[in-house]
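Worksheet for the structure shown next.
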Protein chains: 2
Amino acid sequence: MDHPDIEQKLGGRGEEEQETRERILSAARQLMAQKGYKGATTRKISELAGVNEVTVFRHFKNKVGILTELLKEIMDVREQLEQGLQGEFSDLKQMLVSYARTYYGLLVERKEIFMICMIEADNHPEVVQMFSSLPMTAVEVLSNKLLAFQEQGHLPKVDPFTAALMFVSTFFYAFMAKYRVNLNLEMVEEELFENASEILLQGIKGFK
Amino acid sequence: MDHPDIEQKLGGRGEEEQETRERILSAARQLMAQKGYKGATTRKISELAGVNEVTVFRHFKNKVGILTELLKEIMDVREQLEQGLQGEFSDLKQMLVSYARTYYGLLVERKEIFMICMIEADNHPEVVQMFSSLPMTAVEVLSNKLLAFQEQGHLPKVDPFTAALMFVSTFFYAFMAKYRVNLNLEMVEEELFENASEILLQGIKGFK
DNA sequence: TGAAAATGCAAGTAATTGCTTGCTTGGCAC
DNA sequence: GTGCCAAGCAAGCAATTACTTGCATTTTCA
């Protein structure tokens, strides 16, 4: 009765007709990201979803049920990041730019969920468990890659962790500024990827 | 009647006897940073402060009154950052390390308020107004300094904004990881300041 | 067409929350 | 002592919130 997994249905109406369950999730995602878990009341969620409040509880056992469902959407982040590093790159810089794109893309693509995690970081056990390992994932993945480069002798003896941390946090910060504080960076993202990659490689002193 | 600015009184008891008003603010600061504005109920605040709930409303007009009071604590950030750059530095690296220390120190010192701002970023007009300009302040201040160095010919033509962004966000990320997600970085802060400064200057390729 | 499933609607419930009121108590200053 | 002021205590209030129940209505689909 809860959510009977029938997915082939929207053939009838074309676009507008979105599954009720999806509409609820979508509304909750948006509201929780903006107002936090508590601020996203079940009433507001149902209104935004355009359904009756009871319908929400017909689809989800309770409010945390919605949250846990949403959190599943970032379970595969590590996998995605590692996959993005699979291909061959012409040089180190291209790899960095590509990694930046992948990482920033992931953040933007699932901005609401990341926001919810930030906001509710230590309120809900569900979030804690899911989120606690996440911030360092992107750093670790890149750090490991850099370490591999080092061991192949392609890179001098820097601390790869610090380097990865600097790189990753740059885009996280840019992401937060843009999507949480609504600040525009006066810079196209792609340009930032390039610049940051170059600086990480050459340093600000090493430019011609 | 509200808060009559009598400050000379704690001479009687010595340490333990903290002003009621301060205890309330302190409790609110802690709770709002952890649970958010909504999660920090006036009941919980009063309990943590060890006072009766009515006392809270005797000291503050209402709940937002507490919030606005707390927010005043980060009004002087730009000033503090600029002040930290006043002195003379033996070289660029020392300046960067010093800036990192100042910035990270500010974050830690007022961690609760920064957390509150992060969490409530677009819920309360008070926070919006106070916080909207803040994330880029630390970047701007450093960016300007780097630009000055460039104009004196002491630095090649890199984009100083990107450089400043990378540097600042590194410590912001480290701060968030440690104090919001309770992750330890496996690294002493001072070491991070050093490493990050060197990488920013030399890049990861430029090491001996 | 007809049964089953999904949704709407009305109403309600127990708990929480921000905030108020009226009154008492206790300490300090004069 | 007397008066004042801060704080405690008990009680309550109106609004909100998560969630339920019962029933009517619509939609789906075989």
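Which condition number does A:T68 fail, the rest of (1) under 21 Å from A:M176 (Cα atoms); (2) open to solvent by 10 Å² or more (accessible area, probe 1.4 Å); (3) touching a residue at least 40 places away in the same chain (Cβ under 8 Å); (4) hydroxyl-bearing (S, T, Y) being met?
(1)
Take A:Y104 and decide whether it is touching a residue at least 12 places away in the same chain (Cβ under 8 Å), more than 16 Å from DNA strand D (Cβ to nearest atom), open to solvent by less than 50 Å² (accessible area, probe 1.4 Å) and not small (G, A, S). Reasoning before the result, please.
On the way: touching a residue at least 12 places away in the same chain (Cβ under 8 Å): yes; more than 16 Å from DNA strand D (Cβ to nearest atom): yes; open to solvent by less than 50 Å² (accessible area, probe 1.4 Å): yes; not small (G, A, S): yes.
Against the criterion (touching a residue at least 12 places away in the same chain (Cβ under 8 Å), more than 16 Å from DNA strand D (Cβ to nearest atom), open to solvent by less than 50 Å² (accessible area, probe 1.4 Å) and not small (G, A, S)), A:Y104 qualifies.
Got a number for residues in the stretch A:126-167 being at pLDDT 90 or above and either of a type in the set (F, W, Y) or touching a Pro at 6+ places or on another chain (Cβ under 6 Å) (or both)?
Adding up the residues that qualify gives 5.
Quickly run through the stretch A:22-65 and pick out the residues that are free of Cβ contacts under 8 Å to residues at least 60 places away in the same chain, open to solvent by less than 20 Å² (accessible area, probe 1.4 Å) and away from DNA strand D (no atom under 11 Å from the Cβ).
If the condition is that a residue be free of Cβ contacts under 8 Å to residues at least 60 places away in the same chain, open to solvent by less than 20 Å² (accessible area, probe 1.4 Å) and away from DNA strand D (no atom under 11 Å from the Cβ), then A:I24, A:L25, A:A27, A:A49 are the ones that fit.
Does at least one position in the stretch B:124-140 carry a residue that is farther than 30 Å from B:G65 by Cβ and either assigned to a helix (DSSP H, G or I) or away from chain A (no Cβ under 11 Å) (or both)?
There is at least one residue in the stretch B:124-140 that is farther than 30 Å from B:G65 by Cβ and either assigned to a helix (DSSP H, G or I) or away from chain A (no Cβ under 11 Å) (or both).
State yes or no: is B:A164 in contact (Cβ under 8 Å) with a residue 40 or more places away in the chain and within 15 Å of A:T170 (Cα to Cα)?
Considered against the rule, which asks whether it is in contact (Cβ under 8 Å) with a residue 40 or more places away in the chain and within 15 Å of A:T170 (Cα to Cα), B:A164 comes out as no.
Does A:M166 fit the bill of being in the same structural domain as A:A121 (by TED's automatic domain parsing) and either part of a helix (DSSP H, G or I) or surrounded by 20 or more Cβ atoms within 10 Å (Cβ to Cβ) (or both)?
So A:M166 fits the description; yes.
Which ones in the stretch B:172-192 are open to solvent by less than 10 Å² (accessible area, probe 1.4 Å) and more than 8 Å from chain A (Cβ to nearest Cβ)?
Passing the criteria: only B:F175.
Yes/no per residue for (1) at pLDDT 95 or above; (2) charged (D, E, K, R); (3) over 10 Å from the mean Cα position of the chain (by Cα); (4) closer than 30 Å to B:I24 by Cα:
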residue	(1), (2), (3), (4)
B:I66	yes, no, yes, yes
B:Q83	yes, no, yes, no
B:D91	no, yes, yes, no
B:H124	no, no, yes, yes
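Mind checking which residues of the stretch B:171-189 are in a helix (DSSP H, G or I) and in contact (Cβ under 8 Å) with a residue 60 or more places away in the chain?
B:F171, B:F172, B:A174, B:F175, B:Y179, B:E189
The values are calculated or read from the model by the stated rules, or taken from the named source; none is laboratory data. It should be emphasised that the depicted structure is a prediction, and the values quoted were computed from it without experimental measurement. Cβ sites come from the backbone with ideal geometry, for glycine too, and all protein chains shown count toward neighbours. Heavy atoms of the whole protein, side chains included, go into the accessibility calculation; ligands, DNA and RNA do not. Shrake-Rupley method; radii C 1.70, N 1.55, O 1.52, S 1.80 Å.
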